[in-house]
Amino acid sequence: MNNQPLPNDNRIGIIDLGSNSARLVIYEVYANGGYRPCYRMKRNTRLARFLDADHSLSEQGVTQAVVDVSAFVRVGSLYHVTRWIAVATAAIRQAANGADVLAQIEAATGVHFRLITGREEAYYSYLGIMNTMEISDAVLVDVGGASTEVMLVRDRSLVEAISVPYGALTLTRAFANGANEHQAALIMTFMSDIFESIDFLPRGIGLPVIGTGGTARSLGKIAQRMQRGGIDRYHGYQIDTTLLTQVYDRVSHGSTADRSRLADLSESRAEVIHAGAAAVLALVQCVRAPYFLVSGNGLREGVFYEHWFRSRISPVVPSVRSHSTENFMRLFGIHVEAAERVATCVEYLFEKLESLHRLPARWSQFAAVAARVEQAGTLVNVEKSGRHTDYLVRSSYLYGFTQEELLIIGKIALGKGDKVYRQLSLLVTLSRTLVYETSVTVSDIEVNMKPNKVVLQLPQWAPIDVGLESVQKAFLKLFGAKLSISQNNHSK
């Protein structure tokens with residue numbers, strides 16, 4: 001495996017010049033095909049606040065944008081960014097002098113910005129979400145600073161999209177004269193009317209709503225703080241409608257400081273979170289969504305995927321789980337071919353031993369993923385690799401799984417806890433031993449089930465004097481049967 005960066009185009013700097021904030025993400029790509037974001041940076045540019053009465057961006061706003069983009073460029077030089085992809089969204093789109101503003105930024109920083117349409121902004125958010133979440137049908141929403149994008153997705157395809165020229169920052173300004181406790185209610189009524197007027201939303205009735213962007217992440221932080229459970233990862237975090245309403249109630253009252261303390265929000269986010277929450281809840285109620293899902297990925301990730309998959313027919317991966325698992329293996333230097341052989345063996349043994357473990361079939365998938373990623377922790381510490389793999393699974397770049405499923409996969413890799421995790425972890429260990437020490441494939445293994453005994457028969461050419469003493473002892477304890485290995489009478 002080669003985890004060295006590619007000599008060309010190995011670090012890609014993506015800049016999102018938004019209405020409330022400007023953000024940078026630097027992606028590093030490797031010769032083995034793996035990729036990862038290696039640096040993120042945010043500046044509270046708040047361009048929407050610099051729009052004058054005639055809808056021109058003031059000189060102060062231009063100066064602020066130049067200062068922030070220049071900071072990104074300096075970071076990019078340290079990381080040796082070889083390609084810049086920069087986009088500007090609603091605030092520049094709504095500015096009468098938007099083209100001139102971008103020309104001034106490029107002249108000062110050397111970075112060319114593309115002014116994207118509302119439809120393009122929605123499309124990139126769609127790409128970022130659908131390439132990191134295993135879901136087929138949903139209503140997507142990105143409540144930005146000066147616009148809100150709403151999308152309808154069916155069978156993982158973008159069916160309809162619209163950009164509404166109201167975001168958390170502009171809504172806060174528009175309803176600033178109302179009392180604090182009434183602002184959110186007024187905003188919610190206003191946005192409800194807008195959503196009710198979108199002709200394609202009735203086709204999204206009953207679908208989950210997936211939110212991306214700063215508003216969605218902040219709602220996830222607050223909800224998780226209120227629940228005090230789950231894993232410390234907002235991507236894929238599910239908020240039921242009751243809890244979402246409670247979050248809205250919390251942020252719609254009190255001062256900016258009170259909101260900030262709910263989940264250590266920045267001051268700029270705390271100032272507008274009530275407006276963003278009102279817009280999200282209005283959409284959830286409009287389509288009668290069963291729950292709200294938080295996506296940690298959106299526009300910037302979508303811009304990257306469009307570039308990364310530019311040679312493919314479609315930039316949407318057919319299976320998020322498969323793609324992200326393979327990328328995970330490449331990132332952490334796991335030998336993909338060996339890991340796949342172990343995973344296949346795990347699935348085979350799981351099926352053959354069903355009468356002993358009696359687990360639902362879906363657990364086979366979790367065990368197979370654990371087999372593919374279990375060696376990631378060796379990059380940190382070989383002796384304690386299980387605990388490090390568990391952490392990496394829960395906290396790193398493994399997408400397409402629910403938070404509950406990530407916990408399960410991590411516990412199987414760790415091999416501790418409830419009996420089911422230890423059983424499946426033992427199957428991973430047994431499979432790895434067979435693949436590594438005997439060089440067999442699944443087609444070489446015969447499983448004979450006898451009363452209180454399991455016999456694994458291998459070809460005559462395969463060695464059977466492998467170190468399985470500890471595995472056999474654990475197998476008897478966890479599965480209630482003796483495990484032995486013998487050679488069959490067939491020649492290779």
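List of remarks:
- Accessible surface of the chain [probe 1.4 Å, protein heavy atoms]: carbon and sulfur percent: 48
- Largest-first ordering by accessible area, 1.4 Å probe, given options 314, 260, 470: 470, 314, 260
- Part-to-part distance (alpha-carbon centres) for segment 255-319 and segment 58-93, which is given in Å: 22
- Relative to the longest principal axis of the Cα atoms of the chain, helix 214-227 runs at roughly 60 degrees.
- Per residue, segment 263-326 exposes 34 Å² of accessible surface when a 1.4 Å probe is rolled over the protein heavy atoms with every protein chain present.
- Three-way shape label, the chain, alpha-carbon gyration tensor, a/c 1.5: prolate
- Rounded if a/c under 1.5, otherwise prolate or oblate - segment 110-235, Cα gyration tensor axes: rounded
- Ranked by the mean number of other Cβ atoms within 10 Å of their residues, highest first, the peptides 428-437, 360-369, 444-453 come out as 428-437, 360-369, 444-453.
- Sorted on the mean count of surrounding Cβ atoms within 10 Å across their residues, most packed first, peptides 280-286, 123-129, 262-268 read 123-129, 280-286, 262-268.
- If the chain linking residue 107 and residue 362 were pulled fully straight, counting 0.36 nm for each residue of separation and taking away their Cα-Cα distance, it would gain 86.2 nm.
- Pairs exceeding a 28 Å alpha-carbon distance, out of 42/411; 419/482; 352/384; 352/419: 42/411; 352/384.
- 3J(HN,Hα) along segment 295-310: 10, x, 10, x, 4, 5, 5, x, 4, 5, 5, 4, 6, 5, 9, 5 Hz, from the Karplus curve 6.51 cos²θ - 1.76 cosθ + 1.60 with θ = phi - 60°, whole Hz, x for Gly and Pro.
- Each peptide in 30-43, 299-312 receives the mean, over its residues, of other Cβ atoms within 10 Å, and ordering these scores from highest gives 299-312, 30-43.
- Segment 207-227-segment 461-476 distance, computed between alpha-carbon centres (Å): 48
- Helix 362-373 vs. the chain, principal-axis angle (Cα, 0 to 90°, nearest 10): 90
- For residue 116, distant residues with modelled amide H under 5 Å away: 88
- For segment 394-492, diffusion coefficient by Stokes-Einstein and Kirkwood Rh (Cα), 4 °C, 1.567 mPa s, µm²/s: 86
- The Cα atoms of segment 203-255 give a gyration tensor whose axes a ≥ b ≥ c have a/c of 1.5 or more with a/b no greater than b/c, which makes the shape oblate.
- Taking all protein chains into account, the per residue accessible area for segment 1-101 stands at 42 Å² (1.4 Å probe).
- Calculated accessible area for segment 328-471 comes out at 45 Å² per residue, all protein chains present (probe 1.4 Å; ligands, DNA, RNA ignored).
The values are calculated or read from the model by the stated rules, or taken from the named source; none is laboratory data. Quantities reported herein were computed from a predicted structural model and do not represent experimental measurements. With ideal geometry, Cβ positions are generated from the backbone for all residues, glycine too; neighbour counts draw on all protein chains shown. Surface areas here come from the heavy atoms of the whole protein model, side chains and all, with no ligands, DNA or RNA. Shrake-Rupley method; radii C 1.70, N 1.55, O 1.52, S 1.80 Å.
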